[in-house]
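Visitor: Right, I'll just put the structure down here and ask away after.
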Amino acid sequence: MNSPRSAPGQASGRRKLITIEGLRKSFGAATVYDGLDLTLPQGQFISIFGPNGCGKSTLINMISGLLPMDTGQVLYDGQTIRETRISYVFQNYREALFPWLRAIDNIHYPLKVMKVGKRQRDERVEKLLAEFDIRIDLNAYPYQLSGGQQQTVSILRALVTNPEILFLDEPFSALDYEMTLFMREQIQKIYMKTGTTTLLVSHDLEEAIQLSDKVILLTRRPTQVAEIVDIDLPWPRTTALTTDPAFVDLKRHCLEVFWREVSRAPQQAPSKRRETQ
Ligand SMILES: Nc1ncnc2c1ncn2[C@@H]1O[C@H](COP(=O)(O)OP(=O)(O)O)[C@@H](O)[C@H]1O
Ligand SMILES: [Mg+2]
C-alpha cells in the first residue's frame, strides 16, 4: 500500500543511520545480548516489541546512553551519543515530572539546564504549545493533573529541546484505554509534524503497528532480531485503521513470529543476523 505522504524521514538525499554493532550485555549470569547488530534508519518511527524480559528497555537504555554496554558500539550516523541530542520519556510518569514545579516549569526545565535565556525559552515553549492543541492548565502542579495530562507534559518536556531522537519506553502503559488512544494520536501528530526519529518500546502490538514505519520483533534471551516488519500503511493511522484487513494481516504476521519465538527453546534462538534498510 502506498503512503499518501512521504514519511518524514524519506526526504531526498542520503538517509542517516543508527548503527548498533556487536552489542553484548549481561546482568550477572543472565546474558541479555550476546552480539546484536542492528542498523536503523533515522527519521522513522520504530517500535520494539518482544517477549517480556527479553531486553527491550535494556536495548533503548543502551542506545540512548543511559546504560553502559558490556561491549559494542552505537553510532548515530557516525557520531557518538554525546554528539547527538536525545530525549527520553519514561514509563512511569508519576516519577518523571518534578512535583515541586508547575507543568510549564517542568517543560522549561531542560532548556534551563542547557542555559537557554528566558526570552528564548519562552519563545520555544510557546511555539511548541502552538503546534499542539494542548488543553491542559500548564500552571497546575503535576499532582493536579490526570495521568494522561502528566504524560503529555513529559512528552512536551522531551520535545522542547528539539531532539534528534526521541526514546519512549512504554509511555502509555499506566494510562486507561481511552487515554492511551488519545496519546497515540498525540504522538503520531508529533511525529508527522516533526519527523523526529522515534524509538518506542511497546508491549502492545496494535499500538506498535499503528504508530510505526517499522516494528522490530525480538526473540527471547539471548536476544536477537527475529524480524523487522515494514508497516506500509497510509498515514494518518486512525483507530479505525486497526480493523482494516491490511492492518490485521500485519498483526497476524507479527503475532506468528512472536509466538514462534516465545515457544522456541532458548538454545534454538536464531543465529546472529544483521538487518539494514
Ligand atoms: N539493572 C538490572 N539488574 C539486573 N537484571 C536486570 C537489570 N535490568 C534488567 N535486568 C534483567 O534483564 C532482562 C531484560 O530486562 P528489560 O530490558 O527490562 O526487559 P523488557 O523491557 O524487555 O521487559 C530481564 O531479565 C531483567 O530482569
Ligand atoms: Mg521494559
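Visitor: Which one of these does Leu101 not meet: (1) more than 23 Å from the chain's Cα centre (by Cα); (2) within 16 Å of ligand 2 (Cβ to nearest atom)?
Guide: The single condition Leu101 does not satisfy is (2).
Visitor: Further, regarding this structure: Within the range 39-58, which residues are touching a strand residue (DSSP E or B) at 6+ places or on another chain (Cβ under 7 Å), touching a residue at least 60 places away in the same chain (Cβ under 8 Å) and near ligand 1 (Cβ under 7 Å from one of its atoms)? Break it down stepwise before answering.
Guide: In the first step, residues of the range 39-58 are kept if they are touching a strand residue (DSSP E or B) at 6+ places or on another chain (Cβ under 7 Å); the result is 39-50, 54-58.
Narrowing further to those that are touching a residue at least 60 places away in the same chain (Cβ under 8 Å): 39-50, 54-57.
Of everything in the range 39-58, those that are touching a strand residue (DSSP E or B) at 6+ places or on another chain (Cβ under 7 Å), touching a residue at least 60 places away in the same chain (Cβ under 8 Å) and near ligand 1 (Cβ under 7 Å from one of its atoms) turn out to be Gly50, Cys54, Gly55, Lys56, Ser57.
Visitor: Here is a follow-up. Spot the failing condition for Thr223; the list is (1) part of a loop (DSSP other than H, G, I, E, B); (2) among the polar types (S, T, N, Q); (3) surrounded by fewer than 21 Cβ atoms within 10 Å (Cβ to Cβ), and only one is missed.
Guide: All conditions pass for Thr223, except number (3).
Visitor: Sticking with this one: I'd like the residue in the range 111-140 that is surrounded by 10 or more Cβ atoms within 10 Å (Cβ to Cβ) and among the small types (Gly, Ala, Ser) and, out of all such residues, is nearest to Trp100 (Cα to Cα).
Guide: Ala140
Visitor: Under the condition of being within 16 Å of ligand 2 (Cβ to nearest atom) and surrounded by fewer than 15 Cβ atoms within 10 Å (Cβ to Cβ), which residue from the range 18-65 is nearest to Val262 (Cα to Cα)?
Guide: If we take residues in the range 18-65 being within 16 Å of ligand 2 (Cβ to nearest atom) and surrounded by fewer than 15 Cβ atoms within 10 Å (Cβ to Cβ), then Asn52 is nearest to Val262 (Cα to Cα).
Visitor: What pairs come up if the first residue lies in the range 189-218 and is aromatic (Phe, Trp, Tyr), the second is away from ligand 2 (no atom under 16 Å from the Cβ), and their beta carbons are under 6 Å apart, counting only those six or more places apart or on different chains?
Guide: Pairs that qualify, where the first residue is aromatic (Phe, Trp, Tyr) and the partner is away from ligand 2 (no atom under 16 Å from the Cβ), are Tyr191/Phe45; Tyr191/Thr198.
Visitor: Out of contact with any strand residue (DSSP E or B) (no Cβ under 6 Å at 6 or more places or on another chain), modelled with pLDDT under 95 and assigned to a helix (DSSP H, G or I): which single residue out of Arg252, Arg260 fits that description?
Guide: Numbers: Arg252 fails: modelled with pLDDT under 95.
Within the list Arg252, Arg260, the selection yields Arg260.
Visitor: Taking the condition more than 16 Å from ligand 1 (Cβ to nearest atom) and modelled with pLDDT of 95 or more, does Thr194 pass?
Guide: Spelling it out, it is not the case that Thr194 is more than 16 Å from ligand 1 (Cβ to nearest atom) and modelled with pLDDT of 95 or more.
Visitor: Continuing with this model, one more query. Suppose we filter Glu185, Glu170 for residues that are within 16 Å of ligand 2 (Cβ to nearest atom) and not β-branched (Val, Ile, Thr); which single one remains?
Guide: Exactly one of Glu185, Glu170 is within 16 Å of ligand 2 (Cβ to nearest atom) and not β-branched (Val, Ile, Thr), namely Glu170.
Visitor: Looking at the range 205-220 only, could you name the residues that are assigned to a loop (DSSP other than H, G, I, E, B) and touching a strand residue (DSSP E or B) at 6+ places or on another chain (Cβ under 6 Å)?
Guide: Step one: of the range 205-220, the residues assigned to a loop (DSSP other than H, G, I, E, B) are 212-213, 219-220.
Answer for the range 205-220, where residues must be assigned to a loop (DSSP other than H, G, I, E, B) and touching a strand residue (DSSP E or B) at 6+ places or on another chain (Cβ under 6 Å): Ser212, Asp213, Thr219.
Visitor: Pick out the one residue from Leu101, Leu129 that is of a type outside the set (S, T, N, Q), modelled with pLDDT under 95 and farther than 30 Å from Ile228 by Cβ.
Guide: Exactly one residue qualifies, and that residue is Leu129.
Visitor: When you go through (1) touching a Phe, Trp or Tyr at 6+ places or on another chain (Cβ under 9 Å); (2) modelled with pLDDT under 95; (3) of a type in the set (D, E, K, R) one by one for Asp77, which number turns out not to apply?
Guide: Every condition holds for Asp77 apart from (1).
Visitor: Based on this model, can you work out whether Phe167 counts as within 16 Å of ligand 1 (Cβ to nearest atom) and in contact with a Leu (Cβ under 8 Å, 6 or more places away or on another chain)? Working first, answer last.
Guide: Working: within 16 Å of ligand 1 (Cβ to nearest atom): yes; in contact with a Leu (Cβ under 8 Å, 6 or more places away or on another chain): yes.
Against the criterion (within 16 Å of ligand 1 (Cβ to nearest atom) and in contact with a Leu (Cβ under 8 Å, 6 or more places away or on another chain)), Phe167 qualifies.
The values are calculated or read from the model by the stated rules, or taken from the named source; none is laboratory data. It should be emphasised that the depicted structure is a prediction, and the values quoted were computed from it without experimental measurement. Cβ: placed from backbone, ideal geometry, glycine included. Neighbour counts: every protein chain shown.
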